[in-house]
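Colleague: Pasting in a structure now, in structure tokens, and then I'll have a few things to ask.
The values are calculated or read from the model by the stated rules, or taken from the named source; none is laboratory data. On a predicted model such as this, the values are computed, not experimentally measured, just so you know. All Cβ positions, glycine included, derive from the backbone under ideal geometry; neighbour counts span all protein chains shown.
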Amino acid sequence: MLVDGDNYFRALRKSLIEAQHTVFILGWDIDSRCRLVPGGANDGFPAGLRDFLDALVRRRRRLRIYVLSWDFAMVYAMEREWLPAVKLDWRTHRRLSFRLDGKHPVSASHHQKLVVIDHAVAYTGGLDLTRCRWDTCSHAHDEPLRVDPDGKPYGAFHDVQAVIEGDAARALGELAAQRWRRATGRPPRTPRQPYAVSPRLWPEGVEPELTDIDVGIARTAPAYDGEPGVGEIRALHLDAIASARHTLYLENQYFSSGLIAEALAQRLPEEDGPEVVLVSRRSESGWLEEHSMGILRARAHRKLRAVDEHHRYRLYYPHVPAVPVDGATQEQADAVARQGINVHSKVMIVDDSLITIGSANLNNRSMGLDTECNVVIESGGDPRIAQAIRRMRARLVGEHLGVEPAELEQAHAAGEPLHTTIARLHTSGGRTLEAFDPPLPKDLDAALPDARLIDPIEPIDPDGLVDDFLTHEDRPRVVSRMTLLIALLATFAALAAAWRYTPLAEWADFRRVLGLVERIEQMPLAPLAVIAGFVGAGLLMVPVTLLIVVTVVVFGPVRGALFALCGVALSAAVGYGIGRFAGRDAVRRYGGKRLNALSQQVGQHGLLAMIVLRLVPVAPFTLVNLVVGASRISFRDCMLGTLIGMTPGIVIGASLVDRIAAVARNPNPVTIALLVLVLLVPAAVLWLLRRRRRATAAKSGAAPGENKQAPVPDGEPGRASTGGRA
């Protein structure tokens, strides 16, 4: 067990230098600028990850390195390295291969963090080879080496990795090679069996916790492209929680899984149930996570507190004393300290019987949607293994409390419950574990969509996208659009008032503006010019909504709507042609994961998905056109879906613009009433569709938006999933 980035990255660098044949690096994120040893390794190789790996393959002619990173969602673009393929693939030796992996269902991600060297030594856990992961076990606030590639400091970061050799490492190598083959369509080179393994691959200075044992490999993989799903991690966690007798110790970045919360809630009321010690970070990373995963964690926490009649459950965060740095005041340092350490680890220890370390979070995604990989050790009554499991738990808890692991082991041997030990060793204001209750504001709790939308456990069905859009789950999206519409109306009203009652009317009289519009309308071939303008403006990424509004203003509601529909269709056809000519690989390379997901969606569901994408624009109009052209959808479905999907919006927009113009010309009760009527029509349609869906759901016996528990794939419920001998 390697605790924190400094220990892991140092050990990994030593192993990589000894690689002879093949290296596989799989990650959720990989950054070519990452420095494994920020203070300097003094081993004769470059510091940055890209240059380090490039030097390795140039040094050994038989060495091949395969680097595979998730083809990430666009929401993470600001946190990722720009154009990683250029830096890690185009600018390096041909035997260093880098690819982005997008072979997964819509909304899923590849989350395994795995490095396998010569199929002989493997590292797996929660740490990616990327920015803002390195830290020492002291987690000091004034650590000068804890900076990102741009030299900006980041907060304390805690994680755990495991290093393994032997048959289990070979099995992990086969898993990595299979994933590379699935992602790229090309088989990688792998070591032949048997292969001469360098004894120096095991990192120098790292003493093994255990030798000569069976290791289980537990996985999560969603069903995809004809392959069945794998739910070993889900079954493992549920079985382990059900079998715990004394202590469940969990360290995890997230805690939002309804399955895990329910399993824990069933154990807490028992007279002889286990104590549950959950260590996580105090605050989520950023506003978005705080108002999504943070709310889900608060819900799960509240559920457990409600059934914890024996007071055996606590949620903790690690606290580090505040030290003012760079001219900061003590008050500012205290505010940083209250946030605690960013706990990113994924560890579960059950009594002295089982420990699992890996990439799986305690959220729904890790239980069914994302690809995950954990390694598992079970004592099976062997005192040697049980002692090692106790020792590893003592190392983790001892680090958080700032005490030696031996003190934790002594307390355990004396029969002291872990909660009691933590309370006894608690030091106010010092290095310690602080119990806390995450806040659950009523307004945010009420507004947050159902967990299956924010933290899904299975792929989102594109067929139900429109239906989901019309339910309560997307109220924030509807509210934001209505807010934007109200702001737009207020702007038009303010302009109308300015034209009517302020000096602006002297040089910007509304009649003059209408006269200018009329002159544009009377220009030769004006309709054809405007329709062609949709193509040019679309290629320049001008929002299609703006083009529609301008067209309606120039030509009026009827002709304007017709010309806008023709312009939209022509722009879609041109974008489709460019996407088809550029090909799928080009669109995938530059579009990122989200556009690739759109490509899969429209390719699999044709006309229906095309209509959905036009009704509910999840990406810019032009980008959707390119993706559709690069997908398997036919030109007929593209054009028909565009016409069907865009017509309602154009008609409503034309009516709205016409009524706003009427109010601006002559603001009287009749024109205002007609404008309100136009606004009420789409709102009424939404209401009727929602009501119809609720009625249908009631007849089938399921509440709208109900989060049904998905079956455990690839195994029977209640069966252990450590998998025997690896």
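Colleague: Can you pull out every residue in the range 188-206 that is modelled with pLDDT of 95 or more and farther than 28 Å from Leu2 by Cα?
Modeller: Pro188
A quick yes/no check of all residues on (1) touching a His at 6+ places or on another chain (Cβ under 9 Å); (2) at pLDDT 95 or above; (3) small (Gly, Ala, Ser):
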| site | (1), (2), (3) |
| --- | --- |
| Leu248 | no, yes, no |
| Glu251 | yes, yes, no |
| Gly258 | no, no, yes |
| Ala263 | yes, yes, yes |
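Colleague: Next up: In this structure, does Gly398 turn out to be of a type outside the set (Lys, Arg), modelled with pLDDT under 95 and either in a helix (DSSP H, G or I) or surrounded by fewer than 18 Cβ atoms within 10 Å (Cβ to Cβ) (or both)? Even if it seems obvious, please write down each step before you answer.
Modeller: Working: of a type outside the set (Lys, Arg): yes; modelled with pLDDT under 95: no; either in a helix (DSSP H, G or I) or surrounded by fewer than 18 Cβ atoms within 10 Å (Cβ to Cβ) (or both): yes.
Here the answer is no, as Gly398 does not meet what is asked.
Colleague: OK, next. Given the options Val163, Val206, name the one that is on the phi < 0 side of the Ramachandran plot and crowded, with 20+ Cβ neighbours inside 10 Å.
Modeller: That would be Val163, the only listed residue that is on the phi < 0 side of the Ramachandran plot and crowded, with 20+ Cβ neighbours inside 10 Å.
Colleague: Would you check which residues across the range 157-186 are modelled with pLDDT of 95 or more and more than 27 Å from Val3 (Cα to Cα) and list them?
Modeller: Residues satisfying the conditions are Gln178, Trp180, Arg181.
Colleague: When the residues of the range 26-56 are filtered to those that are among the aliphatic types (A, V, I, L, M) and closer than 29 Å to Glu372 by Cβ, which remaining residue is surrounded by the most Cβ atoms within 10 Å (Cβ to Cβ)?
Modeller: Applying the filter and picking the extreme gives Leu26.
Colleague: Quick check on Ala235: is it touching a residue at least 40 places away in the same chain (Cβ under 8 Å), in contact with a Ser or Thr (Cβ under 6 Å, 6 or more places away or on another chain) and either hydroxyl-bearing (Ser, Thr, Tyr) or not assigned by TED's automatic domain parsing to the domain that holds Arg60 (or both)? Lay out the reasoning, then the answer.
Modeller: Details: touching a residue at least 40 places away in the same chain (Cβ under 8 Å): yes; in contact with a Ser or Thr (Cβ under 6 Å, 6 or more places away or on another chain): yes; either hydroxyl-bearing (Ser, Thr, Tyr) or not assigned by TED's automatic domain parsing to the domain that holds Arg60 (or both): yes.
Criteria met by Ala235.
Colleague: Those residues that are touching a helix residue (DSSP H, G or I) at 6+ places or on another chain (Cβ under 9 Å) and among the acidic types (Asp, Glu), I need them from the range 143-174; list them, please.
Modeller: Asp159, Glu165
Colleague: Those residues that are in contact (Cβ under 8 Å) with a residue 60 or more places away in the chain, under 24 Å from Gln387 (Cα atoms) and in a loop (DSSP other than H, G, I, E, B), I need them from the range 206-228; list them, please.
Modeller: Val206, Glu209, Leu210, Ile213, Asp214, Val215
Colleague: Restricting attention to the range 531-543, report how many residues are touching a Gly at 6+ places or on another chain (Cβ under 7 Å) and either modelled with pLDDT under 75 or closer than 19 Å to Val628 by Cβ (or both).
Modeller: Count: 2.
Colleague: Follow-up. Which of the following residues is assigned to a helix (DSSP H, G or I), surrounded by 17 or more Cβ atoms within 10 Å (Cβ to Cβ) and aromatic (Phe, Trp, Tyr): Phe534, Phe581?
Modeller: Phe534
Colleague: Would you be able to say whether some residue in the range 157-180 is in a helix (DSSP H, G or I) and of a type in the set (Phe, Trp, Tyr)?
Modeller: Within the range 157-180 (the criterion being in a helix (DSSP H, G or I) and of a type in the set (Phe, Trp, Tyr)), the answer is yes, since at least one residue qualifies.
Colleague: Look at Ile241 and say whether it is modelled with pLDDT of 95 or more, closer than 21 Å to Tyr8 by Cα and not hydroxyl-bearing (Ser, Thr, Tyr).
Modeller: Answer is no for this residue.
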